[in-house]
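I have placed the structure first, in the form of structure tokens, so that the comments after it can refer back to it.
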Amino acid sequence: MKLWRLDRLKALSIGLVALVVGGLMGAHLVPGSKVNADSNRVFELRIYHAVPGKLPLMESRFRDTTSKILARHRLNVVGYWVTEDAPDNSFVFLFAHESREEAKRNWEAFRLDPEFQEIVKAEQAEKTLERADTLFLRATDFSPMR
């Protein structure tokens with residue numbers, strides 16, 4: 001139980017760091033510098049915990065194929081990160097969505113994509129993902145990146 005709490009705390013810490021870095025680096029990529037506080041815009045933070053030794057393969061799948069499919073389905077990635085603290089094998093990425101509903105529609109289309117189905121088969125053949133954590137985030141009205 002104590003280990004689970006430590007892993008959860010580590011994942012949330014990584015997520016917060018990723019969000020801050022994404023806000024600082026990605027703010028210029030987002031159209032318009034301000035969005036109303038009542039906007040439906042949400043961010044989705046994903047932390048993929050790789051099977052030990054498989055993080056390079058996970059990175060190459062995203063670099064070579066997955067990121068292109070995500071873009072095709074309007075799943076707008078703000079940034080990708082990997083952790084530097086061994087033995088952590090985390091691949092972290094952040095999305096910006098116009099709304100939760102749009103995210104749901106875009107993810108469904110992504111999952112049905114035949115090219116993504118090939119990635120699913122590759123993952124079944126050579127497992128890289130141990131577990132995934134997903135958080136949907138709403139920016140505060142005082143956040144630099146809304």
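The values are calculated or read from the model by the stated rules, or taken from the named source; none is laboratory data. These numbers come from a predicted model, not from an experiment. For neighbour counting, all protein chains shown are included, and Cβ atoms are generated from backbone atoms with ideal geometry for every residue, glycine included.
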### Message
Can you list residue pairs whose Cβ atoms sit under 8 Å apart, with the first residue in segment 67-87 being more than 16 Å from Glu102 (Cα to Cα) and the second being among the polar types (S, T, N, Q) and in a loop (DSSP other than H, G, I, E, B)? Count only pairs 6 or more apart in sequence or on different chains.
### Response
Thr83/Asn89
### Query
Glu115 fails exactly one of the following numbered conditions: (1) in contact with a helix residue (DSSP H, G or I) (Cβ under 6 Å, 6 or more places away or on another chain); (2) at pLDDT below 95; (3) not hydrophobic (A, V, I, L, M, F, W, C). What is the number of that condition?
(2)
### Task
Tell me which of these Ala125 doesn't satisfy, since it passes every other one: (1) within 14 Å of the chain's Cα centre (by Cα); (2) without any contact (Cβ under 8 Å) to a residue 12 or more places away in the chain.
(1)
### Query
If Lys121 passes every condition in (1) touching a Phe, Trp or Tyr at 6+ places or on another chain (Cβ under 9 Å); (2) over 25 Å from Val42 (Cβ atoms) but one, which one does it miss?
(1)
### Summary
Picked from segment 112-143 (must be in contact with a His (Cβ under 9 Å, 6 or more places away or on another chain) and not acidic (Asp, Glu)), the residue surrounded by the most Cβ atoms within 10 Å (Cβ to Cβ) is Phe116
### Any hit, segment 78-93, residues being part of a loop (DSSP other than H, G, I, E, B), in contact with a Ser or Thr (Cβ under 8 Å, 6 or more places away or on another chain) and not hydrophobic (A, V, I, L, M, F, W, C)
yes
### Task
Evaluate the following for Ser99: is it touching a His at 6+ places or on another chain (Cβ under 9 Å) and of a type outside the set (A, V, I, L, M, F, W, C)?
no
### Task
Return the only residue of Glu108, Glu130 being at pLDDT 95 or above, part of a helix (DSSP H, G or I) and more than 15 Å from the chain's Cα centre (by Cα).
Glu108
### Message
Checking the condition aliphatic (A, V, I, L, M) and crowded, with 16+ Cβ neighbours inside 10 Å, which residue from Ala109, Ala96 passes?
### Response
Ala96
### Message
It is to be established whether one or more residues within segment 34-50 are exposed (fewer than 12 other Cβ atoms within 10 Å of the Cβ) and either part of a helix (DSSP H, G or I) or modelled with pLDDT of 95 or more (or both).
### Response
no
### Query
Residue check: is Ala103 touching a Phe, Trp or Tyr at 6+ places or on another chain (Cβ under 8 Å), at pLDDT 95 or above and part of a strand (DSSP E or B)?
no
